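The structure appears below as structure tokens.
None of the figures in this text is laboratory data; all of them are computed from the coordinates on show. This one's a predicted model, so the numbers in the text were calculated from it and none came from an experiment. For neighbour counting, all protein chains shown are included, and Cβ atoms are generated from backbone atoms with ideal geometry for every residue, glycine included.
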Amino acid sequence: MNLHTKTNNVLRKRVTLVALAASLASMSYVVSAGTAGAASNPGFVLYSSQGYDHASVNAFNATNPGFTVTLNDNSTGPLLQQIQAEGNNPKWGVLWVDGASAFAQLDGEGKLLRNSVPPKAKFNTLGLQNVPKDGSFTPTGLTVTGALCYDSSQITAAQLPSSWSQLTSSQYKGLLGMNDPSQSGPTFPMIAGIMDYLGKYKSGSTAKSVSAGESFYTALKANGLVVNAVNGATITAMEAHTISMATIQSSACYGAALTTFPSMKVKYLSPSIALPSVIGIDGKASKTVRKDAQKFVDWVLSPAGQAVMQTADPQGDSLFWPVIKGENPANPIIPPLSTTHAISTNPYTWGKLETQINTWFDSNIVNGL
Amino acid sequence: MSESSPRAVGVSMSGLGKVFGEKLALDDVSIEVDPGTFLVLLGPSGSGKTTLLRCVAGIERPSTGTITIGGNLVVGGKTYLPPERRRLAMVFQDYALWPHLSVRKNVAYPLSTSSFEKSERSRRCDDLLERVGISHLAERYPNELSGGEQQRVALARALAAEVGLILFDEPLSNLDADRREQLRIEIATLTRDAGMTAIYITHDQSEAFALADQIGVLNQGRLVQLDTPENIYRHPHSAFVARFTGVAGEFPVRVTGARGEHCVMVALPFGAGHSIEASTIENFDSGADVQLFVRSSGVSLGVPSNDEGVRGVIIDVAFNGRGYDHVVEVGEGFTLTKVFAPMKFERGRNVKVCFDPSACFVMDPTREVSK
Amino acid sequence: MAIAALDTAAPVTPSPMTTSKKRGSLGGVVLWIVLTLLILAPVGSFLILGVSPRVFQQGSQWFTLSYVRQAFSSYFGRGIFNSLWVSTSVAILSVCVATALAWLIHRTNVGGRKFWAVMMWLLLMMPTWMMTLGWGDLLQPFGAAQALGINTHWIYGEFFGPLGIVVVLTSAALPFAYFIISAGLQGLGPEFEDAARIHGAGPIRSLQTVLPIIAPALLSALAICFAETMSDFGVAFTLGYHSNFPMATYVLFNAISNFPANFSVAAVIAAVLIISTIPPIVLQSHVMRKRSYAVLSGRTRAPRRRQLARGPRALATAAVAGVFFIALGVPILGAVIGSLVKNLGIDSPNGVHFTLTYYAQIFKPSIQGNSLGAPLLLSNQLGLVVATGTGVLAVILARRLIANPGSWSQRITDVFLLGSVAVPGVVLGVGYIFFYNLSFISNNVVSIYKTLPLLMLALVANAVPGQTRFMAGPVSQIQPSLGEAARVHGAGRMRAWRTTNLPLMSRVLLWGWLLTFTKTIAELAISQILYPPSQEPASVSIQSYLANFAPNTGTAMTVVTLMEMLAVIGIALTVYRLVTPAGWRRVGFSGVQS
């Protein structure tokens, strides 16, 4: 008699449990799927925003069977947000993005593995300029930011300015565009470089450089500077003839010229700003991860790694200047680096000012009233 | 319990209490309902009658006390049987018809868990629809029916359950007067024909008197009187019961003397201290201040003559079909309502007012409950 | 055996239908644990940085108010101010338009009622970034309108400003208001209107008399529209940004897009967004106290429809069509035509050409490995899991929300849910990293950071608050007596729910599921920050095409994704129609009944 009652209750409970289990089943399925396939040495996760990173990882994994590099490919912004939010429990093994200022900051917090620059790498002059003293990160290539890209169907080479200061003259009113440093990775280094240059020109301190730079961009805005979010948007604005020229990243200009925008040409004012693509290793990672990561960084700087970088994204990020002696740009559209008048800025000095300068820029240039 | 036993079941409630937060909704209620009895629980809103019914149904769980249905404990101590295992049926105040099911499917719902063959189910369903007079609506949906039709569906559904106990939660309160009358008769006959025990709650005393074998009057969570309709009407145990079951008027009076057991003389506050006889269930000393309750059946009107008696003036008169209901002013600020007479006394006319001792009760106004 | 079934000596577990205290509190505890893991802890982890950046190593102070000051300083403060006034305007505007639409569609014989009801659903599912994309493609110089020979120069500048922002956000908020008000109208019998008119009021005055009766619905709609608009990122990121009109969610995003990100200022802004939803809900609960929405039962009679004369009917139909054209038609047309124009937005010397090239490029694997194929498949899988999980949780929460009207637990749940609606996706995303990457959590509780389940949880957390409030209306309309009647007549708890409540809720469950499904596919802010390595969802792919490499291909991808969502909706509705009994479709939900 009791048995029957109990059975009924057990049955009812079971039905409830089954319903609960069913609602969780899909999730647990994916949990297992997400964690399955973990090998004995899973390697590390590469946080990268480079256009050729898929090809690099595939090539590396194919030739280095000991462990697997997992690629976390995203824009620079989200990658850095992830790293910052991960705090003291980092999940990245290697970071590979354009610009050294974030690396300088991470190094300042002791989060990078020092002396990780591949000893075998034979850097050329500009490469050496971008290797930090403590060896906490490594340049893997160079592009130039602050390249003056122009639409030759709208403005001829002869009409172009010959210096940065000329951009504020009325002749160029409403013709110039650039990117928003809060959304476009290569733009802060450009602004910092210009500020640095203007400050040196006035032989002053960083503070003076910043205020000189702020005056310069305020003047540009008064002269009709158009700010778009990122390279793509700025180039689209040129194609729509909203603007005729823009100070953006060289590789983006060459990429557009090679594809949809044949009348796109590039002029380099003096100076332009060297923008290294940089790779660095998590200093807090386990010994195994550090060892594996170092192996990957060494490979990137090796001829094999350089070859992948130069070929995998032929109309985008592969359009760079190598930092290794004897390597040449992949595409003849890229002129010798010496013609770009590229200078390097100190990422340790300027990286600290990124938030301050970008916030100023957003308040006064992008959304200025 | 087996299927062949007589269908009607007895219900026994003992010491039922229910607390909602701070509020005591049921307070130590005990009722025995014999198999086949039609019990009406009568009370104003908030008296606990709905809570009591829902406890029997298993929709609420009482805080204390026990309930047995057909001799089986359904709630008490650690035992709690969910509604679906109590073998009962219910007609809801808002009908609770499932709007996504046709009339036929609504009625067949309780049958689907039974052991009947499909053809038998369908036959029983047709039979029930026939009995409540809505065969022609079988394929309609509830929102296509009138209120009365909807309540018939609800009744058919409850009868379909083939169980020994049927509960009614104010089933007529949402209907208009003539339909209410009609459906009340059907509820009474169909339920008795089906040989079911019924517990029916209402706040309408005429409904209660018309339907009940037994009436339980509830007030503030307590059962104040449980008796036959006749006894409730003739011998109310408290001022509350008297009032709630209908009085023509009530007045403060003073006891002037005893007239045997259960009968006293009282001096009226009007009519120049005229005394009348009245029933009582308590013993009152002479000089006690008490309250007089007069049923409408306890007053009659006559043409004034020379003899002594209470005089009144007709204030209002209403035709009710069989005769006339009068409102009579018997003294400054004292009126009697619903005073019936087969003939009409015009407004403003002086009349003689006679009281029938058996329908006049005196009670201690300070005591709400007397056992 | 019958005796055995009734034997009471066995120590059966008490399981009354009503909330026995023990069970109620246990269920409540489990529910709050789930909500804590899902929303409270991650969002709290983020918000605490506003005053205590050191908690997650984002600064040196344990307590500071400097970020609060910073958040209200010029740039950030401007964003907050803009969002507040835009959201207020949008809430009022959408409630006005929605009331008119609901009345026309439910209470008059306006043309195309069923069609408009379905369109309202599509509008609800349309992400705001797709709307702005469509508008932009249409109006921009050398855009879709110009390709068709329509001059849009005069409106382009106007649209990229507060005007366009309010138009798009009102379009997006409209369905929320519409569905809530429709439910309110259902409970409003025609007798109220009639009574007012009999007593001498004209149509306008009778409307004035009737409106206060549905005031709770109107306030509820205002509150939800306000919260939805405050938290919208799609418009702030596109229209707001391009028209130099910073809004709260954008300045929040901006605060964390530099390196190092200023999470603390972002946390203060997020807190402002959440707190801003409290006044509307306080007002709403003040008015709603002790009012019940339970109106759906077998007894409910269909309200009468006002028969408009031919002229007014045509006019009303045109007005409804006009609203839908602006809200839904324009953006979709803009995107579709835009995706077919060769080099959209570019002054081509060869004139305008239409092409299918961009559609051909969509599924070609590119160098970046992010063509639309795999991401769209992944997004559909995400949508499936997230919509199902959200549906289950939302039903449970909705029942709780309506269980004890006026009680503290109900009020807390209500405030919590509406506050959560206002949490921007990016806050949830970063909060998830903070919380689920804590060593304590990943070592002892669950280690799912950088996996799909984490993304799914975050997407569920993102969808649950809105979904719950959305379901609370229809769920509360089901009279409890319907379930009780089933129990009393022999059905066990599961059977009673399955045979009585489920049919009545089936339609809202289906639409709710579809809503979460489509919103999940289009979701960007959380997906962008939480997608695991090599598992890029469609919205992220599309966005990277739109922003970086090929906006035309990105637009084509958007159109294909939209079509795919429509196809899923179509299939789901067809299956529902084929599988469910006729009675199920008669009742349950005012949304698509006209």
For this session: In vacuum, with every alpha carbon of the stretch B:248-371 counted as one equal point scatterer, what does the Debye formula give for log10 I(q)/I(0) at q = 0.18, 0.19 Å⁻¹? Two decimals, please.
Result: -0.91, -0.99
Problem set entry | Assigned charges on the beta-carbon of Lys, Arg, Asp, Glu; the protein assembly as shown dipole about Cα centre (debye) | 1380 debye
Exercise. Between the stretch C:318-361 and the stretch B:85-155, how many Å separate their Cα centres?
Worked result: 56 Å
Exercise. Dipole size in debye (nearest 20) for the stretch B:95-239 around its Cα centre, Lys and Arg Cβ +1, Asp and Glu Cβ -1?
Worked result: 340 debye
Problem set entry | Dipole of chain C [Lys/Arg +1, Asp/Glu -1 at C-beta], most positive-end residue of C:VAL540, C:VAL488, C:ILE275 | C:VAL488
For this session: Rounded to whole Å and ordered largest first, report the semi-axes of the equivalent ellipsoid of the stretch C:379-467 derived from its Cα gyration tensor (root of 5λ).
Result: 26, 16, 12
Problem set entry | the stretch A:108-194, Rg to Rh (Cα coordinates; Rh as Kirkwood inverse mean 1/r) | 1.11
Exercise. In debye, nearest 20: dipole of the stretch B:50-173 around its Cα centre with unit charges on the Cβ of K, R (+) and D, E (-)?
Worked result: 400 debye
Problem set entry | Measure of compaction for the stretch A:156-278 (Cα Rg per 2.2 N^0.38 Å) | 1.04
For this session: Over chain A, consider all pairs of different Cα atoms and compute the Kirkwood hydrodynamic radius from their mean reciprocal separation; express it in Å, one decimal.
Result: 22.5 Å
Exercise. Rounded if a/c is under 1.5, else prolate if a/b is larger than b/c, else oblate: which is the stretch B:111-266, with a ≥ b ≥ c the root eigenvalues of its Cα gyration tensor?
Worked result: prolate
Problem set entry | Positive-end residue of A:SER363, A:SER169, A:GLN84, charge dipole of chain A with Cβ unit charges | A:GLN84
Exercise. How would you classify the stretch A:175-245 from its alpha-carbon gyration tensor, with a ≥ b ≥ c the square roots of the eigenvalues: rounded for a/c under 1.5, else prolate if a/b is greater than b/c, otherwise oblate?
Worked result: prolate
For this session: Would you please classify the overall shape of the stretch A:162-209 from the alpha carbon gyration tensor, given that a ≥ b ≥ c denote the square roots of the eigenvalues, rounded means a/c under 1.5, and beyond that prolate means a/b larger than b/c while oblate covers the rest?
Result: oblate
Problem set entry | Taking chain C and dividing mean pair separation by its residue count, relative contact order in percent (alpha carbons under 8 Å, at least six apart) | 21 percent
Problem set entry | Diffusion constant of the stretch C:212-287 at 20 °C, which comes from Stokes-Einstein with the Kirkwood Cα-pair radius and 1.002 mPa s, µm²/s | 156 µm²/s
Exercise. Listing C:VAL579, A:VAL308 from the residue with the fewest other Cβ atoms within 10 Å to the one with the most, what is the order?
Worked result: C:VAL579, A:VAL308
Exercise. In the protein assembly as shown, what percentage of the DSSP-assigned beta bridges are antiparallel, given to the nearest 5?
Worked result: 70 percent
Exercise. How big is the C-alpha Rg of chain C next to the rule-of-thumb value 2.2 N^0.38 Å, as a ratio?
Worked result: 1.00
Seminar exercise, completed: Using alpha carbon positions and the Kirkwood radius, the Rg to Rh ratio of the stretch B:60-181 is 1.02
Exercise. Which value in deg cm²/dmol, rounded to the nearest 500, describes the helix-derived mean residue ellipticity at 222 nm for the protein assembly as shown, given -39,500 (n - 2.57) per DSSP H run of n ≥ 4 and division by the residue count?
Worked result: -14500 deg cm²/dmol
Problem set entry | Reachable aspartates and glutamates from A:LYS120, criterion Cα separation under 17 angstrom, eight or more residues apart if same chain | A:ASP134, A:ASP292, A:ASP298, A:GLU327
For this session: Compute the FRET efficiency between A:ASN346 and C:SER534 as 1/(1 + (r/R0)^6), taking r as their Cβ-Cβ distance and R0 = 35 Å, and round to the nearest 0.05.
Result: 0.50
Exercise. Can you pull out the cysteines in the protein assembly as shown that have no other Cys Cβ under 4.7 Å?
Worked result: B:CYS55, B:CYS125, B:CYS263, B:CYS354, B:CYS360, C:CYS96, C:CYS225
For this session: Pop a pseudo-label 7 angstrom from the Cα along the beta-carbon direction at both A:ASN331 and B:GLU230 and give the gap in nm to one decimal.
Result: 11.0 nm
Problem set entry | Against the rule of thumb 2.2 N^0.38 Å, how large the Cα Rg of the protein assembly as shown comes out | 1.19
